[in-house]
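The values are calculated or read from the model by the stated rules, or taken from the named source; none is laboratory data. This one's a predicted model, so the numbers in the text were calculated from it and none came from an experiment. Note: ideal-geometry Cβ built from the backbone for every residue, glycine included; neighbour counts use all protein chains shown. Accessible surface is based on the protein model in full, side chains and every heavy atom, while ligands, DNA and RNA are left aside. Shrake-Rupley method; radii C 1.70, N 1.55, O 1.52, S 1.80 Å.
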Amino acid sequence: MTTRTVKQTIAIANSFVGVGFSPSGDKIYVGGGPSNDVKLFSRAPAGTFAAAGTIPIAGAAPSGLSLSPDGTRLYVALNLTNQVAVIDTTTSTIVQRVAVGTYPYTTVVSADGSKVYVTNWGGRVPGATDFTDGMFPVVVDRRTGIPSAAPSR
């Protein structure tokens with residue numbers, strides 16, 4: 001009988017966005033944000049999950065993530081490096097980094113696993129005469145401070 005009650009709560013010190021479940025349901029991956037890692041959790045025989053290590057990604061603020069349909073690859077948006085990391089889930093190692101747009105936020109894998117889609121927070125990378133807010137290297141609207149793809153005026 002299904003009770004629809006919370007079975008477990010896992011405290012995580014530093015996470016940003018992104019939770020992925022392996023297709024078999026035995027692993028959970030969590031984007032680490034300011035701790036610059038992806039957190040791993042494995043299911044115990046009793047059905048609860050326990051910390052199973054991390055995948056460090058220095059200076060990247062790993063955020064949203066998704067798994068390939070077969071669970072062999074984890075695609076992680078690296079917010080501060082404007083890349084997506086491709087992680088081999090068997091070895092927990094980064095096998096590739098792919099340049100994407102500005103401040104990638106999360107990823108989604110197509111149902112057949114042939115494509116990975118990435119959302120980006122940021123606008124256009126600024127040129128010499130473009131306006132920025134001084135905190136992040138993206139063009140922002142002078143009036144609203146919102147990232148913009150339009151040239152600064």
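Scanning segment 122-137 for residues being closer than 25 Å to Val86 by Cα and either open to solvent by less than 60 Å² (accessible area, probe 1.4 Å) or modelled with pLDDT of 80 or more (or both) gives a total of 2. Before we move on, is Thr107 among the β-branched types (Val, Ile, Thr) and without any contact (Cβ under 8 Å) to a residue 12 or more places away in the chain? No. The strands (runs of 3 or more DSSP E) found entirely in segment 18-136 that carry 2 or more residues being touching a Phe, Trp or Tyr at 6+ places or on another chain (Cβ under 8 Å) are 19-21, 27-31, 37-43, 49-56, 62-67, 73-78, 83-88, 104-109, 116-120.
The residue list Ala52, Ala60 contains one member that is open to solvent by less than 60 Å² (accessible area, probe 1.4 Å) and more than 26 Å from Lys7 (Cα to Cα), which is Ala60. The residue that is farthest from the chain's Cα centre (by Cα), counting only those in segment 1-25 that are of a type in the set (Ser, Thr, Tyr), open to solvent by 50 Å² or more (accessible area, probe 1.4 Å) and within 24 Å of Val84 (Cα to Cα), is Ser24. Looking across segment 83-101 at every residue that is in contact (Cβ under 8 Å) with a residue 40 or more places away in the chain and either among the aromatic types (Phe, Trp, Tyr) or buried (at least 19 other Cβ atoms within 10 Å of the Cβ) (or both), the one that is nearest to Asn36 (Cα to Cα) is identified as Ile87. The residue of segment 26-41 that is nearest to Ala77 (Cα to Cα), among those that are modelled with pLDDT of 95 or more and open to solvent by 40 Å² or more (accessible area, probe 1.4 Å), is Lys27.
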